[in-house]
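The next block holds one structure in the form of structure tokens; read it before the comments.
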Amino acid sequence: MDRQVVLQIEGLTFGYSPDRLLFRNFSLTLHRGELISIVGPSGIGKSTLFDLIAGFLKPLSGSIRVAPFSQIFQDPYTSFHPSYPILDQIADVASIEGYKTFAQELDLDPSLLQRLPHQLSGGQLQRSSILRALLMNPQLLLADEPTSALDNITSLKVMQLLLSYLDRLGILLITHDIDLARWCSDRIIELDSV
């Protein structure tokens, strides 16, 4: 079966200064139905890689081709505007049709989405961020430590839910949790200094 390529990185070179490269000739191909984990120590460039994929940064050389994507950010408090309700913010970027079903799958009371971000716990806000990402109907999901604000039981449920969507998307996961990466990944890419 020929699976759709949702992310193609070829020969990526990037650094914030020419004498300190984070990536040198880095390549990666991710297909629909596949989960690849990016692991490595803090400061090695994991989140920078997502910024490059999202187009927030430009590579020094190489190419990045990406299908329609959504992101789950590591810090849910900075991924929502503080002054208006979460559901309104989700509706700004995605169809909210069926959001109650998605919310319940995430063990998130749909009524919480009528609140302002600061009125939710970190775990509730992170699940709201995951809900927003799924409702955007992406072909690629960029997940930066998506379970860091969640307890172990909720983390497992959330990861099982994300894995259940692999028939329609590919997932690129950043995690510090090597056990999680081993459990859920088709491949693990360990970043180290170039």
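Remark on segment 35-84: hydrodynamic radius 13.1 angstrom, per the Kirkwood mean of 1/r across alpha carbon pairs. How high is the relative contact order of segment 112-175, in percent, counting Cα pairs under 8 Å that sit 6 or more residues apart? Normalised by residue count, the contact order of segment 112-175 is 39 percent. Dividing the helix sum by the residues of the chain, where each DSSP H run of 4 or more adds -39500 (n - 2.57), gives a mean residue ellipticity at 222 nm of -8500 deg cm²/dmol.
In terms of surrounding Cβ atoms within a 10 Å radius of their Cβ, S17, S128, S111 rank from fewest to most as S17, S111, S128. As a test, work out the antiparallel percent of DSSP beta bridges whose residues both lie in segment 5-190, rounded to the nearest 5. About 45 percent, rounded to the nearest 5. Taking other C-beta atoms within 10 Å as the exposure proxy, H81, H118, H31 rank H118, H81, H31 from fewest upward.
With just the Cα atoms defining each centre, how far is segment 165-194 from segment 1-22? Give it in Å. Their Cα centres are 16 Å away from one another. Between (i) 23, 20, 16; (ii) 49, 15, 12; (iii) 28, 18, 16, which entry matches semi-axes √(5λ) of the Cα gyration tensor in Å as derived from the coordinates of this structure? The calculated read-out lines up with (iii).
A DSSP coil position with no more than 16 other Cβ atoms inside 10 Å describes the following chymotrypsin sites (Phe, Trp or Tyr not before Pro) in segment 95-168: Y165. Each eigenvalue of the Cα gyration tensor of segment 89-194, multiplied by 5 and square-rooted, gives one semi-axis; in descending order these are 25, 16, 13 Å.
Would you order D144, D51 from fewest to most other beta-carbon atoms within 10 Å of each residue's own beta-carbon?
Arranged by neighbour count, lowest to highest, D144, D51 become D51, D144.
Please go through segment 37-103 and write out the trypsin sites (Lys or Arg not before Pro) that DSSP classes as loop and that have at most 10 other C-beta atoms within 10 Å. Here no trypsin sites (Lys or Arg not before Pro) fit, given the DSSP loop and packing criteria. Extension gain for the segment N25 to D51, taken as residue separation times 0.36 nm less the Cα-Cα distance, is 7.7 nm to one decimal. Listed by chain and number, the lysines whose alpha-carbon sits under 25 Å from that of K157, ignoring those within fewer than 8 places in the same chain, are K46, K100. The relative contact order of segment 62-194 comes to 30 percent, based on Cα pairs under 8 Å that sit 6 or more residues apart.
Every number here is computed from the coordinates shown, using simple stated rules; none is lab data. Just so it is clear, the structure is predicted and the values come from calculations on it, not from any experiment. Methodologically, a virtual Cβ is constructed for each residue, glycine included, from the backbone with ideal geometry; neighbour enumeration extends over all protein chains shown.
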